[in-house]
1. Would you mind stating whether Asp43 is assigned to a helix (DSSP H, G or I) and either of a type in the set (Gly, Ala, Ser) or not assigned by TED's automatic domain parsing to the domain that holds Ala251 (or both)?
2. Being in a loop (DSSP other than H, G, I, E, B) and more than 15 Å from the ligand (Cβ to nearest atom), is that true of even one residue in the range 157-179?
3. Could you please find all residues in the range 197-239 being within 16 Å of the ligand (Cβ to nearest atom), within 16 Å of Ile180 (Cα to Cα) and not in a loop (DSSP other than H, G, I, E, B)?
4. Within the range 53-63, can you find the residues that are open to solvent by 30 Å² or more (accessible area, probe 1.4 Å) and not hydrophobic (A, V, I, L, M, F, W, C)?
5. Looking only at the range 149-183, how many residues end up being within 16 Å of Ser122 (Cα to Cα), open to solvent by less than 30 Å² (accessible area, probe 1.4 Å) and β-branched (Val, Ile, Thr)?
6. Could you please find all residues in the range 64-83 being of a type in the set (A, V, I, L, M, F, W, C), more than 8 Å from the ligand (Cβ to nearest atom) and open to solvent by 20 Å² or more (accessible area, probe 1.4 Å)?
7. Evaluate the following for Gly68: is it over 19 Å from Ile150 (Cα atoms), of a type in the set (Gly, Ala, Ser) and at pLDDT 95 or above?
8. Within the set of pairs 6+ apart or on separate chains, which have a first residue in the range 222-249 that is of a type in the set (A, V, I, L, M, F, W, C), a second that is assigned to a loop (DSSP other than H, G, I, E, B), and C-beta atoms under 6 Å apart?
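The values are calculated or read from the model by the stated rules, or taken from the named source; none is laboratory data. Remember, predicted model here, so these are calculated numbers, not experimental data. Backbone-built Cβ (ideal geometry, glycine too); neighbour counts: all protein chains shown. Ligands, DNA and RNA are excluded from the accessible area calculation, which covers all protein heavy atoms including side chains. Shrake-Rupley method; radii C 1.70, N 1.55, O 1.52, S 1.80 Å.
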Amino acid sequence: MARIAFIGLGNMGRPMAGNLVKAGHTVTGFDLAEANVTAAAADGIQAAESLVAAVDGCDAAITMLPAGPQVADVFGREDGVLANAPSGTLLIDCSTIDVSTSRDVHRLAAGAGCRMVDAPVSGGVGGAEAGTLTFMVGGETEAFASAQPILAAMGKTIVHAGGAGNGQAAKICNNMVLGITMIAVSEAFALADGLGLDRQALFDISSKASGQCWSLTTYCPVPGPVPTSPANRDYQPGFTAAMMLKDLKLAQQAANISGTTTPLGAAAASLYGLFCKGGNETLDFSGIFKMIDVE
Ligand code: NAD
């Protein structure tokens, strides 16, 4: 069993760290918010007073932080992970961040004699609690093999997506599809309303026809056809519109840097921007149907 430093004990990090404890690992946790460190102690996560104390003598360090700037800071600062973790430490960044920062951090980690994978997740807080997350992993094959048993304590599906940063690349490509298809399905239901086509009839047909997709069949944005979808609980999340906007912006940033043309991704980012600006950041992202289905 490994000694693991866990940095970032928020909505996702705390239950993930808790599952590592349940699997028998010794976990030392750190978060800027002291209250989160205290709360995590109830799950058997040992409290560290600083980043330096968290990584002291660890075999592996996991980060679950908001975005690229926090990850770069936590890794790169003088009293941060790279300067203080033992040489050879396995670093696992599970945050969703931009591909460029992820690749920069991989380079710094290699320079500091550490092995690293980027391993963003899908599955949300529910998946983190149940230990059923999907991990999309980028990094050297040897680092991936070392990370696999640790990730297995927190998730069900673990996929090696290639070299440094490719886990992040897979995550934003997937979520760009998700954002675009959610808008497409919402527009189809709005058009059905306009044409007097019953929503359930559209669902019954499209879910068996070529319009079939996850946004329709699992996460249907109108109440009724899929009783478990957030539309049936007034769009309580789930996956918030703010998180979707973050991922769509990351996809656009990556598209610009790589010179890739993604007009529908750009349109989706701007529509989710409008939806969030309208005070809907904390609603589930499928709530965009309410903005699209205007009378
Ligand atoms: P969160 O805001 O609940 O947790 C982030 C934690 O990091 C907070 O507790 C914060 O205090 C801590 N933190 C910030 N800066 C820090 C620093 N410099 N040092 C130490 N701690 C610091 O966010 P979350 O929902 O847990 O998401 C974490 C990551 O997972 C994000 O990148 C997000 O995009 C990704 N993600 C979230 C979900 C979800 O449904 N919540 C799903 C998939 C992926």
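1. no
2. We begin by selecting, within the range 157-179, every residue in a loop (DSSP other than H, G, I, E, B); these are 163-165.
From the residues that got through so far, the ones that are more than 15 Å from the ligand (Cβ to nearest atom) too are 163-164.
Looking for residues that are in a loop (DSSP other than H, G, I, E, B) and more than 15 Å from the ligand (Cβ to nearest atom), one finds at least one in the range 157-179, hence yes.
3. Correct list: Trp214 only.
4. Asp56, Asp59
5. Number satisfying all stated conditions: 1.
6. Of the residues in the range 64-83, the ones of a type in the set (A, V, I, L, M, F, W, C) are 64-65, 67, 71-72, 74-75, 81-83.
Next cut, more than 8 Å from the ligand (Cβ to nearest atom) only: 71-72, 75, 81-83.
Of everything in the range 64-83, those that are of a type in the set (A, V, I, L, M, F, W, C), more than 8 Å from the ligand (Cβ to nearest atom) and open to solvent by 20 Å² or more (accessible area, probe 1.4 Å) turn out to be Ala72, Leu82, Ala83.
7. Values: over 19 Å from Ile150 (Cα atoms): yes; of a type in the set (Gly, Ala, Ser): yes; at pLDDT 95 or above: yes.
The answer is yes for Gly68.
8. Once the first residue is of a type in the set (A, V, I, L, M, F, W, C) and sits in the range 222-249, its partners that are assigned to a loop (DSSP other than H, G, I, E, B) give Val226/Cys220; Ala231/Pro221; Ala231/Val222; Ala231/Pro223; Ala241/Glu281; Ala241/Leu283; Ala242/Glu281.
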